[in-house]
1. If the requirement is being open to solvent by less than 30 Å² (accessible area, probe 1.4 Å) and either more than 30 Å from residue 16 (Cα to Cα) or of a type in the set (Asp, Glu) (or both), which of these qualifies: 82, 120?
2. Looking only at region 50-79, how many residues end up being open to solvent by less than 50 Å² (accessible area, probe 1.4 Å) and farther than 14 Å from residue 103 by Cα?
3. Do you know which residues across region 111-142 are in contact with a Pro (Cβ under 8 Å, 6 or more places away or on another chain) and either in a helix (DSSP H, G or I) or at positive phi (or both)?
4. Show me the helices (runs of 4 or more DSSP H) entirely contained within region 46-110 in which 1 or more residues are under 18 Å from residue 12 (Cα atoms).
5. Taking the residues in region 33-49 that are of a type in the set (S, T, N, Q) and under 15 Å from residue 75 (Cβ atoms) as candidates, determine which candidate is most open to solvent (accessible area, probe 1.4 Å).
6. Output yes when any residue across region 21-35 is closer than 30 Å to residue 132 by Cα and in a helix (DSSP H, G or I), and no when none is.
7. Looking at region 7-16, can you tell me whether even one residue there is farther than 28 Å from residue 127 by Cα, part of a loop (DSSP other than H, G, I, E, B) and modelled with pLDDT of 90 or more?
8. Is it the case, given these coordinates, that residue 102 is β-branched (Val, Ile, Thr) and open to solvent by 50 Å² or more (accessible area, probe 1.4 Å)?
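The values are calculated or read from the model by the stated rules, or taken from the named source; none is laboratory data. Worth saying up front: this structure is predicted, and the values here are computed from it rather than measured. Positions of Cβ are generated from backbone atoms using ideal geometry, with glycine treated the same way; all protein chains shown enter the neighbour counts. Protein only, heavy atoms only, side chains kept; ligands, DNA and RNA dropped before computing areas. Shrake-Rupley method; radii C 1.70, N 1.55, O 1.52, S 1.80 Å.
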Amino acid sequence: VTFINIFKACGHLGALDMGREIHMKLRRSGFNLEPSLSNALISMYAKCGSVSEAQEVFDRLQVRDVVAWSTMIKAYGVNHKGQMAMQYFEDMQEDKVKPDAITFSCLLLACSHASLVHEGKAYFKVMRDKYGIMPETEHYTSIIDLLARSGRLYEAEQFITMCCPISE
């Protein structure tokens with residue numbers, strides 16, 4: 001738990017060198033990287049802009065659960081690599097790991113950061129129609145953000161009106 005919180009702090013602060021140093025000390029000591037610690041490492045590297053190091057941690061995972069896949073999708077998403085995030089989503093499905101609401105939040109974030117409007121809208125639909133995941137506030141705001149970032153303000157407004165009517 002201590003190391004998870006250290007890696008979270010390093011990610012929030014952008015303290016890549018410190019995070020690397022602690023990670024290397026753990027590796028040299030033979031410390032077992034359990035899934036939650038590995039996911040914290042992936043997230044820290046991604047937040048610090050080092051997707052390649054996040055990828056290295058992911059590649060070493062013995063078991064890749066929905067959290068690990070979602071963390072990598074988000075890693076590519078926050079670093080404006082939407083195509084890679086989408087590829088990871090496809091790879092996740094090939095690996096027979098079922099996405100959850102958080103996976104779709106990460107995927108929609110990736111589409112938003114890469115201005116992949118068509119793809120983001122398609123994933124929003126698949127989320128409901130194929131996986132039966134009902135959209136939550138963050139899914140709606142991701143679609144609105146996606147449309148707005150892409151200069152489709154009228155479409156964003158229409159989406160808000162359609163999905164989030166204001167009661168009088």
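1. Details: 82 fails: either more than 30 Å from residue 16 (Cα to Cα) or of a type in the set (Asp, Glu) (or both).
Result of the check over 82, 120: 120.
2. So the answer is 9.
3. 124, 127, 128
4. On the way: elements: 51-60, 66-78, 82-94.
Fully inside region 46-110 and qualifying: 51-60, 66-78.
5. Pass one, region 33-49, residues of a type in the set (S, T, N, Q): 36, 38-39, 43.
Those still in the list that are under 15 Å from residue 75 (Cβ atoms) too: 38-39, 43.
Working: 38: 3, 39: 20, 43: 38 Å².
Step by step, filter region 33-49, then rank; the result is 43.
6. yes
7. We begin by selecting, within region 7-16, every residue farther than 28 Å from residue 127 by Cα; these are 7-16.
From what's left, part of a loop (DSSP other than H, G, I, E, B): 14-15.
Filter once more, keeping what is modelled with pLDDT of 90 or more: 14-15.
For region 7-16, residues farther than 28 Å from residue 127 by Cα, part of a loop (DSSP other than H, G, I, E, B) and modelled with pLDDT of 90 or more: present.
8. Details: β-branched (Val, Ile, Thr): yes; open to solvent by 50 Å² or more (accessible area, probe 1.4 Å): yes.
Answer is yes for this residue.
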